[in-house]
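Below you'll find the structure, written out as structure tokens, and then a few comments.
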Amino acid sequence: MHDTLDERLAQLGGSLEDAAAVRSPSLVRSRGEQIRAAHRRRMVAMTATGAAVAVIGVGSLVAFRPDSGGHAGPVGPGSTVTPTAPAPTAPSGPPSHTAVGAPPTKAGISTVVVDLKKDTMTVYGKDQKVLKTIPVTGGTATHPTRVGTFTVASKQQHMTLSTTMPQGGDSYSIAIDWVLQLDGGGPQVYAMPWNSSKFGQINGTHGDVGMSTADAEWLYDQLETGDGITIR
Amino acid sequence: MSREQDFDEFYLGSVRKVTAQLVALLGDAGEADDAVQEAYARAWQRWDSVSRMDDPVGWVRVVAYRIKVSSWRSAMRRTVAHRRHGPPADVPDMSPDSVALVAALRQIPEAQRRAIVLFHLAGLTVEQVAAEVGSPVGTVKARLSRGRAALAQVLGEPADEDVKGNHSYA
């Protein structure tokens, strides 16, 4: 007699586990590091196209309402913001470290913390002294910024953000500069000159973290892909 | 513990289970193996994020499954994986009943198969299955029930419900 289906499925799990191939974990890790290296090469290759996209994007920025919150456009509830045609830059400098989430390595930075209540980003030096405090703006109550500790997944000097509205409403695309894209569902951190009245004052974005162009450029230069940023 | 040790422990502790689940989901041991190794490589690539997740094993399983769902990508990646690793590691033969069950699972609709594998092989609750596949709990229950009936039919035996009374997925 056959066992019941439940029992047969349970036995199937065990039997397939016994047959499963196990490789050396170090081999798997080295494959993961190869993916990173390949990604980095792709980013370099795309730099040239990036400049052209950025020019188009600047035109769009002027055409839309630069004083509105968040992504600086007519974004409504339920809209989605998707970065398209990313125009990544070459990562600055050689790939000095391949580990993800390692502590920041340049300029003696140890920690970067965004405080959404005070609307500030505090950058700590190696000696735990405050190196720089940057006024920022984060997501509104209805579009809160994700909190947690995130990793800089990629850096892009210019990129184009485009938004499509449900029900075929307005859509727009804007160019943004000095973009740090965070891993694990974290927000993007970039220059939002159109939100200058909000930095250090109130949260007025649709979830991303904005700051002045000068501060965003400084931060971009300090952090490498793989560095961590804590948002709370 | 170093990050490497941490990852290695995670890999060695979970790779057999995840591979078994992917074999049942995909119906092909070689493809499942490739997808799983690739998913673990990606987990290491972003280990600081993945290791802090509530369910890193679930992350690897979902990533492996998505890798395979897109077939042109899988074909490319398989070529790369073979070049890199050589032929797949020596795989012991599956038992005749396993072969029959995996073949039967391939014949039922994909959504039902996924629900059955996650519930019966991965040991998730109905709620966890619903969260992983992104469907309502009621839908998952229906897929489980229909999937079991379809599976029983393919295997040429009466559905369990007739033998054991109504199966509850509560």
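The values are calculated or read from the model by the stated rules, or taken from the named source; none is laboratory data. Remember, predicted model here, so these are calculated numbers, not experimental data. With ideal geometry, Cβ positions are generated from the backbone for all residues, glycine too; neighbour counts draw on all protein chains shown.
Per-structure values
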| quantity | calculated |
| --- | --- |
| Residue that is modelled with the lowest pLDDT, among those in the stretch A:113-133 that are part of a strand (DSSP E or B) and either touching a helix residue (DSSP H, G or I) at 6+ places or on another chain (Cβ under 8 Å) or loosely packed, with under 13 Cβ neighbours inside 10 Å (or both) | A:GLY125 |
| Close pairs (6 angstrom Cβ cut-off, 6 or more residues apart or separate chains): not assigned by TED's automatic domain parsing to the domain that holds B:VAL18 in the stretch B:120-142, assigned to a loop (DSSP other than H, G, I, E, B) anywhere | B:VAL126/B:TYR169; B:LYS141/B:TYR169 |
| From B:VAL69, B:VAL60, residue being modelled with pLDDT of 85 or more and of a type in the set (Val, Ile, Thr) | B:VAL60 |
| For B:ASP8: the one exception among (1) of a type in the set (Asp, Glu); (2) crowded, with 19+ Cβ neighbours inside 10 Å; (3) facing chain A (nearest Cβ under 8 Å) | (2) |
| Close pairs from the stretch A:113-141: first at positive phi, partner modelled with pLDDT of 90 or more and of a type in the set (Ser, Thr, Tyr), Cβ under 8 Å, at least 6 apart | A:ASP119/A:THR137 |
| Near pairs, Cβ below 7 angstrom, 6+ apart or cross-chain, from the stretch B:19-47 (at positive phi) to any residue that is crowded, with 24+ Cβ neighbours inside 10 Å | B:GLY27/B:LEU105 |
| Single residue of the stretch A:141-166 satisfying the filter (at pLDDT 85 or above and part of a loop (DSSP other than H, G, I, E, B)) that is nearest to A:ILE231 (Cα to Cα) | A:VAL147 |
| Residue match in the stretch B:49-60 (condition: among the basic types (Lys, Arg) and more than 7 Å from chain A (Cβ to nearest Cβ)) | yes |
